[in-house]
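Notes for the one structure printed next.
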Amino acid sequence: MTNILRAPSQNTKDKITLWLNHLLVLYAFLIPIHNGAKSSLFFTMLALFIYRRDYWFYLKEAFSNRIVQAFLIFYALHAIGMLYTDNIDYGKDQMDRLKYLLFPLVFLSFLDIRFVLRIFLAFIIGMFVSILFSYLVHLQVLPYEFSIGKYEIWETFAYSPAPFLAHGEHGVGISFVVGFLLYYILNFKNEEKFKKIIAFVGLVFALVNMSFIASRTGYMTLVVVIFITIVITYRENIKLLLSSIFLVFIVCLSIYNFSVTVNQRVNVAITNFEKGIENKEYYENGSTAQRIGLTIYSIEVIKENFLFGVGTGDHMDLLRAKIPDEEKRLREIAKPHNVYVQIPMQIGIIGLASFFFLIYSLLSYKNISREKKDIIVILVASTLVFMAGGMFYGTFELPLIVVLISAMIANKEQNITFNNFDKKIFLKYSAFVILFLIIGITR
């Protein structure tokens with residue numbers, strides 16, 4: 001017991017730093033696979049971080065990073081918002097979702113730049129595992145519901161088979177994967193051909209999966225990701241830029257025409273939007289019209305609480321109070337489905353300004369390579385799109401963003417031994433993934 005309480009030796013601290021990097025790779029893999037397993041893994045990382053001690057030594061550089069500071073400011077304003085909220089329970093739920101904003105501070109205290117590529121590949125492979133299971137369910141090789149004893153493994157639907165994630169999250173995950181693979185294919189000129197072929201096959205595999213996933217937010221994010229990736233690739237060649245944009249338009253039009261799922265979801269969204277605007281009847285005209293109505297009533301709340309908002313936990317209570325009786329079924333919806341109105345409702349225009357300061361900090365960040373800068377641009381553009389669909393504070397989007405951003409801004413080699421990926425490391429990773437999946441599913 002005494003040995004556990006005693007500060008570890010420097011050699012032990014370095015071993016912990018090494019293990020934290022390995023565990024972050026596994027964390028990135030588990031983000032699109034299982035939230036419970038991911039959370040259990042982070043708890044293990046946090047325990048190791050605490051046991052390593054010397055907090056100021058490890059954290060001081062992360063504290064000085066402008067992006068980390070922007071994350072902390074945004075989180076702090078929500079924490080201050082708890083002081084003037086009445087719905088404490090809902091406020092606590094919101095703060096629990098916001099905890100991921102603190103993670104870059106922890107990650108940068110141990111992240112070794114040599115693990116960055118491995119972290120990115122881990123997420124992409126994890127997402128492809130999710131995509132593979134989506135195919136297997138779609139082809140009815142696997143059932144729509146699957147349990148082991150009393151433990152549910154997944155439950156999904158025929159119209160949008162996404163076993164491990166909500167279909168909106170799955171669509172956003174596909175968009176990220178397509179963006180990263182497309183950027184790799186277009187920008188890494190000296191890579192071996194077989195790697196480019198694998199990347200291209202993976203890109204097509206992901207795009208076809210999107211054709212039977214009913215995620216309109218995913219569709220919008222995908223289009224923007226592809227557009228941004230092409231723009232930042234060919235920004236200095238107008239002919240290639242315009243021809244590539246035209247090609248993307250043709251591909252999108254083809255998917256719209258030949259995919260029944262995409263065609264139906266897009267047409268329904270357009271119809272719902274038109275009916276919601278024309279008739280001012282939101283709930284009865286589908287989810288798109290409902291989101292329009294929620295946004296309109298949210299703006300009324302913002303006008304009355306412009307500077308500081310209504311508090312971290314009160315925004316839905318005041319939003320529901322603004323909804324008239326003839327639209328009372330809108331009150332049953334759990335969130336505004338638009339983060340751009342949720343932030344100023346909760347913490348006012350000051351909070352919204354702090355969010356855009358975070359975006360500015362990301363886009364203006366220096367001292368990194370062009371490739372990393374471009375990846376940050378893709379991440380930011382994607383985030384700004386799916387926020388309009390109400391996605392940001394989930395257990396998929398925000399953890400993924402903070403992990404990938406942390407990987408992009410990491411800039412040092414730690415005092416640890418880095419070994420190339422081999423069969424032994426693969427077996428260790430696989431064993432730990434299985435272990436944490438068991439813990440996550442059964443806890």
- Message: For the stretch 316-359, which positions are in contact (Cβ under 8 Å) with a residue 60 or more places away in the chain and not hydrophobic (A, V, I, L, M, F, W, C)?
- Response: 317, 346, 351, 354
- Exactly one of (1) open to solvent by 10 Å² or more (accessible area, probe 1.4 Å); (2) of a type in the set (A, V, I, L, M, F, W, C); (3) within 16 Å of the chain's Cα centre (by Cα) is unmet by residue 172. Its number? (1)
- Message: Checking residue 386 against (1) modelled with pLDDT under 95; (2) open to solvent by 10 Å² or more (accessible area, probe 1.4 Å): exactly one of these is not met. Which one?
- Response: (2)
- Per the filter on the stretch 271-298, residues part of a helix (DSSP H, G or I), surrounded by fewer than 21 Cβ atoms within 10 Å (Cβ to Cβ) and modelled with pLDDT under 75 are 271, 272, 273, 274, 275, 277, 278, 279, 283, 284, 286
- In this structure, is residue 209 part of a helix (DSSP H, G or I) and either crowded, with 20+ Cβ neighbours inside 10 Å or without any contact (Cβ under 8 Å) to a residue 12 or more places away in the chain (or both)? yes
- Message: For the structure I just gave you, tell me whether residue 146 is in contact with a strand residue (DSSP E or B) (Cβ under 9 Å, 6 or more places away or on another chain) and part of a strand (DSSP E or B).
- Response: yes
- Checking residue 254 against (1) surrounded by fewer than 18 Cβ atoms within 10 Å (Cβ to Cβ); (2) at pLDDT 80 or above, the condition it does not meet: (2)
- Task: Considering every residue within the stretch 52-59, establish whether at least one is touching a residue at least 24 places away in the same chain (Cβ under 8 Å), within 20 Å of the chain's Cα centre (by Cα) and crowded, with 20+ Cβ neighbours inside 10 Å.
- Result: no
- Item | Restricting the stretch 1-17 to residues that are under 30 Å from residue 422 (Cα atoms) and open to solvent by 40 Å² or more (accessible area, probe 1.4 Å), the residue that is modelled with the highest pLDDT | 15
- Item | Considering residues of the stretch 214-241 that are farther than 20 Å from residue 378 by Cβ and among the hydrophobic types (A, V, I, L, M, F, W, C) only, the residue surrounded by the most Cβ atoms within 10 Å (Cβ to Cβ) | 214
- Query: Could you count how many residues in the stretch 132-167 are small (Gly, Ala, Ser) and more than 21 Å from residue 440 (Cβ to Cβ)?
  - Reply: 2
- Residue check: is residue 110 out of contact with any His (no Cβ under 7 Å at 6 or more places or on another chain) and open to solvent by 10 Å² or more (accessible area, probe 1.4 Å)? no
- Item | Subset of the stretch 121-143 [more than 20 Å from residue 437 (Cα to Cα) and aromatic (Phe, Trp, Tyr)] | 135
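Each row is one residue, and each column tells you yes or no for (1) assigned to a helix (DSSP H, G or I); (2) in contact (Cβ under 8 Å) with a residue 24 or more places away in the chain.
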site	(1), (2)
154	no, no
162	no, yes
165	no, yes
168	yes, yes
176	yes, yes
180	yes, yes
198	yes, no
205	yes, yes
- Message: For the structure I just gave you, tell me whether residue 360 is surrounded by fewer than 20 Cβ atoms within 10 Å (Cβ to Cβ) and more than 25 Å from residue 110 (Cβ to Cβ).
- Response: yes
- Item | Residue satisfying all of: in the stretch 301-315; assigned to a loop (DSSP other than H, G, I, E, B) and surrounded by fewer than 22 Cβ atoms within 10 Å (Cβ to Cβ); nearest to the chain's Cα centre (by Cα) among these | 308
- Note on the structure: In the stretch 316-343, residues that are assigned to a loop (DSSP other than H, G, I, E, B) and among the polar types (S, T, N, Q) total 1
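The values are calculated or read from the model by the stated rules, or taken from the named source; none is laboratory data. Just so it is clear, the model here is predicted, and its values are computed rather than measured. Here Cβ is always computed from backbone atoms with ideal geometry, including for glycine, and neighbour counts include all displayed protein chains. The area values use the complete protein model at the heavy-atom level, side chains included, leaving out ligands, DNA and RNA. Shrake-Rupley method; radii C 1.70, N 1.55, O 1.52, S 1.80 Å.
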